[in-house]
Amino acid sequence: MKFKTKKRERILKNMVELNLSKEQSLINLDLRKKEVENIVMGIPQLSNITSRVALVLDFSGSMRNLYKNGTVQSVIERIMPIAMQFDDNQELDLWIFENGFTRLGGVTKENFYGLANNIFNQYSMGGTEYAPVMNDVYKKYIKENPANIANYVIFITDGDNSDRGNTNKIITEASKYPIFWQFVGIGDDSFSYLQKLDDMDGRYVDNADFFPIYDINNITDNELYTKLFDEYPGWLSNPKVQEMIASQGKSKGFFGGLFGR
(Lines give C-alpha, C1' and ligand atoms only; values in the text may rest on other atoms or scores of the structure.)
Protein backbone atom coordinates (compact mmCIF):
# COMPACT_ATOMS: atom_id res chain seq x y z
CA MET A 1 0.00 0.00 0.00
CA LYS A 2 2.83 2.41 0.87
CA PHE A 3 4.50 1.62 -2.45
CA LYS A 4 1.32 2.43 -4.40
CA THR A 5 0.87 5.66 -2.44
CA LYS A 6 4.43 6.76 -3.19
CA LYS A 7 3.96 5.87 -6.86
CA ARG A 8 0.78 7.99 -7.05
CA GLU A 9 2.57 10.87 -5.33
CA ARG A 10 5.45 10.65 -7.81
CA ILE A 11 3.05 10.63 -10.78
CA LEU A 12 1.18 13.67 -9.42
CA LYS A 13 4.48 15.48 -8.77
CA ASN A 14 5.62 14.82 -12.33
CA MET A 15 2.30 16.04 -13.74
CA VAL A 16 2.68 19.31 -11.84
CA GLU A 17 6.24 19.74 -13.09
CA LEU A 18 5.19 18.95 -16.67
CA ASN A 19 2.44 21.56 -16.80
CA LEU A 20 4.18 24.82 -15.92
CA SER A 21 3.27 28.42 -16.63
CA LYS A 22 5.11 30.14 -19.47
CA GLU A 23 6.94 32.33 -16.94
CA GLN A 24 8.22 29.30 -15.01
CA SER A 25 9.16 27.54 -18.24
CA LEU A 26 11.22 30.56 -19.31
CA ILE A 27 12.98 30.58 -15.94
CA ASN A 28 13.73 26.88 -16.33
CA LEU A 29 15.18 27.45 -19.81
CA ASP A 30 17.71 29.90 -18.41
CA LEU A 31 18.58 27.57 -15.51
CA ARG A 32 19.07 24.67 -17.90
CA LYS A 33 21.21 26.83 -20.18
CA LYS A 34 23.53 27.39 -17.20
CA GLU A 35 23.53 23.64 -16.55
CA VAL A 36 24.60 23.01 -20.14
CA GLU A 37 27.30 25.70 -19.87
CA ASN A 38 28.70 24.09 -16.71
CA ILE A 39 28.91 20.67 -18.35
CA VAL A 40 30.46 22.07 -21.55
CA MET A 41 33.17 23.82 -19.50
CA GLY A 42 34.49 20.37 -18.58
CA ILE A 43 34.55 19.08 -22.18
CA PRO A 44 37.31 20.74 -24.25
CA GLN A 45 35.89 19.54 -27.60
CA LEU A 46 32.68 21.49 -26.95
CA SER A 47 34.31 24.77 -25.99
CA ASN A 48 33.65 27.67 -28.36
CA ILE A 49 32.01 25.58 -31.07
CA THR A 50 29.04 26.46 -33.24
CA SER A 51 26.72 23.61 -34.12
CA ARG A 52 23.26 23.38 -35.57
CA VAL A 53 21.01 21.44 -33.21
CA ALA A 54 17.94 19.46 -34.27
CA LEU A 55 15.26 17.59 -32.35
CA VAL A 56 13.46 14.78 -34.17
CA LEU A 57 10.35 13.61 -32.31
CA ASP A 58 8.45 10.36 -32.74
CA PHE A 59 4.81 11.06 -33.67
CA SER A 60 3.61 7.47 -33.90
CA GLY A 61 0.37 6.42 -32.24
CA SER A 62 2.11 4.91 -29.22
CA MET A 63 3.38 8.40 -28.32
CA ARG A 64 -0.17 9.77 -27.86
CA ASN A 65 -0.17 9.85 -24.05
CA LEU A 66 3.29 11.43 -23.94
CA TYR A 67 2.03 14.35 -26.04
CA LYS A 68 -1.16 14.67 -24.01
CA ASN A 69 0.41 14.53 -20.51
CA GLY A 70 3.11 17.14 -21.16
CA THR A 71 6.11 14.81 -21.47
CA VAL A 72 6.92 15.80 -25.08
CA GLN A 73 6.60 19.49 -24.23
CA SER A 74 9.03 18.90 -21.38
CA VAL A 75 11.45 17.16 -23.76
CA ILE A 76 11.35 20.16 -26.12
CA GLU A 77 12.08 22.53 -23.23
CA ARG A 78 14.95 20.36 -21.96
CA ILE A 79 16.61 20.12 -25.39
CA MET A 80 16.22 23.81 -26.25
CA PRO A 81 19.09 24.96 -23.96
CA ILE A 82 21.50 22.83 -26.02
CA ALA A 83 20.55 24.84 -29.11
CA MET A 84 20.79 28.04 -27.05
CA GLN A 85 24.37 27.04 -26.20
CA PHE A 86 25.64 25.91 -29.62
CA ASP A 87 23.42 27.33 -32.37
CA ASP A 88 24.43 30.71 -33.77
CA ASN A 89 20.81 31.94 -33.79
CA GLN A 90 19.81 29.93 -30.67
CA GLU A 91 17.08 28.09 -32.60
CA LEU A 92 16.24 24.43 -32.21
CA ASP A 93 15.31 22.86 -35.56
CA LEU A 94 12.33 20.54 -35.11
CA TRP A 95 10.92 17.57 -37.01
CA ILE A 96 8.19 15.07 -36.20
CA PHE A 97 7.92 11.70 -37.87
CA GLU A 98 5.66 8.67 -38.24
CA ASN A 99 5.58 6.82 -41.56
CA GLY A 100 6.33 10.20 -43.09
CA PHE A 101 7.63 13.38 -41.53
CA THR A 102 6.98 17.08 -41.06
CA ARG A 103 9.70 19.72 -40.92
CA LEU A 104 8.41 22.25 -38.39
CA GLY A 105 11.11 24.91 -38.47
CA GLY A 106 12.91 26.68 -35.65
CA VAL A 107 11.86 26.63 -31.99
CA THR A 108 12.71 29.76 -29.98
CA LYS A 109 11.75 31.43 -26.73
CA GLU A 110 8.98 33.16 -28.65
CA ASN A 111 7.17 30.05 -29.90
CA PHE A 112 8.14 27.08 -27.67
CA TYR A 113 5.40 27.28 -25.08
CA GLY A 114 2.51 24.88 -25.74
CA LEU A 115 4.16 23.68 -28.93
CA ALA A 116 3.69 19.94 -28.30
CA ASN A 117 -0.03 20.42 -27.75
CA ASN A 118 -0.30 22.44 -30.96
CA ILE A 119 1.48 19.67 -32.86
CA PHE A 120 -0.78 17.01 -31.37
CA ASN A 121 -3.91 18.90 -32.39
CA GLN A 122 -2.72 19.73 -35.90
CA TYR A 123 -1.13 16.54 -37.28
CA SER A 124 -2.13 12.87 -37.63
CA MET A 125 -0.17 10.10 -35.95
CA GLY A 126 0.98 6.99 -37.80
CA GLY A 127 3.54 4.19 -37.71
CA THR A 128 7.29 4.32 -37.10
CA GLU A 129 9.76 4.81 -39.95
CA TYR A 130 13.09 6.51 -39.39
CA ALA A 131 14.47 6.77 -42.94
CA PRO A 132 12.21 9.46 -44.46
CA VAL A 133 12.83 12.00 -41.71
CA MET A 134 16.55 11.23 -41.61
CA ASN A 135 16.67 11.86 -45.34
CA ASP A 136 15.02 15.25 -44.84
CA VAL A 137 17.45 16.22 -42.06
CA TYR A 138 20.26 15.44 -44.50
CA LYS A 139 18.59 17.48 -47.26
CA LYS A 140 18.26 20.54 -45.03
CA TYR A 141 21.78 20.54 -43.61
CA ILE A 142 23.88 19.17 -46.47
CA LYS A 143 22.03 19.99 -49.71
CA GLU A 144 19.75 22.98 -49.03
CA ASN A 145 21.75 24.92 -46.46
CA PRO A 146 25.34 23.67 -46.27
CA ALA A 147 27.65 25.39 -43.78
CA ASN A 148 31.06 24.67 -42.35
CA ILE A 149 29.74 23.62 -38.96
CA ALA A 150 28.67 20.39 -37.29
CA ASN A 151 25.08 19.21 -37.11
CA TYR A 152 23.87 17.56 -33.90
CA VAL A 153 20.57 15.65 -34.20
CA ILE A 154 18.74 14.38 -31.11
CA PHE A 155 16.31 11.67 -32.19
CA ILE A 156 13.60 10.69 -29.67
CA THR A 157 11.52 7.53 -30.14
CA ASP A 158 9.55 5.06 -28.04
CA GLY A 159 10.00 2.04 -30.28
CA ASP A 160 11.89 0.35 -33.09
CA ASN A 161 11.11 1.11 -36.73
CA SER A 162 9.66 -0.84 -39.64
CA ASP A 163 12.18 0.33 -42.27
CA ARG A 164 15.47 -1.01 -40.97
CA GLY A 165 17.01 -1.70 -44.36
CA ASN A 166 16.60 1.89 -45.56
CA THR A 167 17.73 3.23 -42.19
CA ASN A 168 20.90 1.13 -42.37
CA LYS A 169 21.65 2.60 -45.81
CA ILE A 170 21.08 6.15 -44.62
CA ILE A 171 23.14 5.93 -41.43
CA THR A 172 25.98 4.35 -43.41
CA GLU A 173 25.95 6.96 -46.17
CA ALA A 174 25.42 9.77 -43.64
CA SER A 175 28.66 8.78 -41.92
CA LYS A 176 30.46 10.58 -44.78
CA TYR A 177 28.88 13.91 -43.78
CA PRO A 178 29.08 16.06 -40.62
CA ILE A 179 25.84 14.93 -38.97
CA PHE A 180 25.86 13.21 -35.59
CA TRP A 181 22.74 11.22 -34.66
CA GLN A 182 21.99 10.91 -30.96
CA PHE A 183 19.20 8.36 -30.58
CA VAL A 184 17.25 8.30 -27.30
CA GLY A 185 14.78 5.54 -26.56
CA ILE A 186 12.05 6.39 -24.06
CA GLY A 187 9.77 3.85 -22.40
CA ASP A 188 10.03 0.10 -21.91
CA ASP A 189 10.70 -1.11 -25.47
CA SER A 190 13.77 -3.32 -25.88
CA PHE A 191 15.10 -1.06 -28.67
CA SER A 192 16.91 -4.04 -30.18
CA TYR A 193 17.45 -2.29 -33.52
CA LEU A 194 18.87 0.91 -32.04
CA GLN A 195 21.18 -1.13 -29.82
CA LYS A 196 22.60 -2.76 -32.97
CA LEU A 197 22.67 0.51 -34.89
CA ASP A 198 24.86 2.08 -32.21
CA ASP A 199 27.67 -0.36 -33.04
CA MET A 200 26.97 -1.01 -36.72
CA ASP A 201 29.98 -1.80 -38.93
CA GLY A 202 30.67 -0.39 -42.37
CA ARG A 203 30.48 3.33 -41.59
CA TYR A 204 33.12 5.89 -42.55
CA VAL A 205 33.04 7.16 -38.95
CA ASP A 206 30.92 6.21 -35.95
CA ASN A 207 28.21 8.82 -36.40
CA ALA A 208 25.57 7.68 -33.91
CA ASP A 209 25.00 6.98 -30.24
CA PHE A 210 22.06 5.43 -28.43
CA PHE A 211 20.85 5.21 -24.86
CA PRO A 212 17.47 4.23 -23.39
CA ILE A 213 15.60 6.03 -20.62
CA TYR A 214 12.68 4.16 -19.08
CA ASP A 215 11.07 7.31 -17.61
CA ILE A 216 12.53 10.52 -18.99
CA ASN A 217 10.58 12.50 -16.39
CA ASN A 218 12.59 10.89 -13.59
CA ILE A 219 16.07 11.76 -14.84
CA THR A 220 17.69 15.03 -13.80
CA ASP A 221 18.80 17.66 -16.30
CA ASN A 222 22.43 17.02 -15.36
CA GLU A 223 22.07 13.29 -16.00
CA LEU A 224 20.30 13.89 -19.31
CA TYR A 225 22.84 16.39 -20.63
CA THR A 226 25.75 14.22 -19.49
CA LYS A 227 24.33 11.29 -21.47
CA LEU A 228 23.66 13.49 -24.51
CA PHE A 229 27.29 14.69 -24.52
CA ASP A 230 28.83 11.24 -24.11
CA GLU A 231 29.95 10.48 -27.69
CA TYR A 232 29.35 13.77 -29.51
CA PRO A 233 32.63 15.40 -28.33
CA GLY A 234 34.69 12.44 -29.52
CA TRP A 235 32.97 12.52 -32.91
CA LEU A 236 33.72 16.25 -33.20
CA SER A 237 37.42 15.74 -32.53
CA ASN A 238 37.78 12.98 -35.14
CA PRO A 239 40.10 14.27 -37.93
CA LYS A 240 37.77 12.76 -40.55
CA VAL A 241 34.89 14.75 -39.11
CA GLN A 242 36.95 17.94 -39.05
CA GLU A 243 37.69 17.39 -42.74
CA MET A 244 33.98 16.81 -43.45
CA ILE A 245 33.05 20.04 -41.69
CA ALA A 246 35.63 21.97 -43.68
CA SER A 247 34.27 20.63 -46.99
CA GLN A 248 30.57 20.43 -46.11
CA GLY A 249 28.17 20.77 -49.02
CA LYS A 250 29.96 18.48 -51.48
CA SER A 251 27.08 16.02 -51.69
CA LYS A 252 26.99 12.89 -53.83
CA GLY A 253 23.21 13.01 -54.08
CA PHE A 254 22.58 9.61 -52.46
CA PHE A 255 19.66 10.67 -50.27
CA GLY A 256 17.64 12.48 -52.90
CA GLY A 257 18.07 9.48 -55.16
CA LEU A 258 16.93 7.05 -52.48
CA PHE A 259 13.63 8.77 -51.74
CA GLY A 260 13.18 11.25 -54.56
CA ARG A 261 11.86 13.93 -52.20
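The values are calculated or read from the model by the stated rules, or taken from the named source; none is laboratory data. In this text, all values refer to a predicted model and were calculated from it rather than measured experimentally. With ideal geometry, Cβ positions are generated from the backbone for all residues, glycine too; neighbour counts draw on all protein chains shown. Side chains included, ligands, DNA and RNA excluded: accessible areas come from the protein's heavy atoms. Shrake-Rupley method; radii C 1.70, N 1.55, O 1.52, S 1.80 Å.
Quick rundown of the values:
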| quantity | calculated |
| --- | --- |
| Probe 1.4 Å, accessible area per residue of the chain, Å² | 46 |
| Cα centroid separation - segment 122-179 against segment 33-50, whole Å | 25 |
| Shape category assigned to segment 10-146 from the gyration tensor of Cα positions, a/c cut at 1.5 | oblate |
| Charge dipole (debye, nearest 20) of the chain; +1 at Cβ of Lys and Arg, -1 at Cβ of Asp and Glu | 380 |
| Residue-count net charge about G126 - beta-carbon cut-off 12 Å; Lys, Arg +1, Asp, Glu -1 | -2 |
| Exceeding the 20 Å Cα-Cα cut-off - candidates K33/K109; K33/K68; K22/K68; K139/K176 | K33/K68 |
| Under 12 Å from K227, Cα to Cα: aspartates and glutamates that are on another chain or at least 8 residues apart | D209 |
| Nearest 10 degrees, 0 to 90: helix 2-18 Cα axis against the chain principal axis | 60 |
| Rounded to 10°, Cα long-axis angle of helix 22-41 versus longest principal axis of the chain | 50 |
| DSSP bridge pairs, the chain: antiparallel proportion in percent, nearest 5 | 20 |
| Cubic angstrom per residue, convex hull over Cα atoms of the chain | 130 |
| Extension gain from D188 to R203, taking 0.36 nm per residue of separation minus the Cα-Cα distance | 2.5 nm |
| Under DSSP loop assignment and at most 15 Cβ neighbours within 10 Å, longest chymotrypsin sites (Phe, Trp or Tyr not before Pro)-free interval of the chain | 1-122 |
| Accessible area of the chain belonging to carbon and sulfur atoms, whole % at 1.4 Å probe | 48 |
| By average C-beta atoms within 10 angstrom, highest first, the peptides 46-58, 21-33 | 46-58, 21-33 |
| Extension gain from L26 to I219, taking 0.36 nm per residue of separation minus the Cα-Cα distance | 67.5 nm |
| Helix-only mean residue ellipticity at 222 nm for the chain, each DSSP H run of n ≥ 4 adding -39500 (n - 2.57), per residue, nearest 500 | -13500 deg cm²/dmol |
| Segment 79-207: proportion of alpha-carbon pairs further apart than 22 angstrom, % | 39 |
| Considering only segment 38-133, percent of DSSP beta bridges that pair antiparallel, nearest 5 | 50 |
| Placed amide H near S175: partners under 5 Å, 5+ positions off or other chain | Y204 |
| In degrees, nearest ten, helix 164-174 long axis to first principal axis of the chain (Cα) | 60 |
| Two-site FRET efficiency, N145 against E37, from Cβ-Cβ distance with R₀ of 30 Å, rounded to 0.05 | 0.65 |
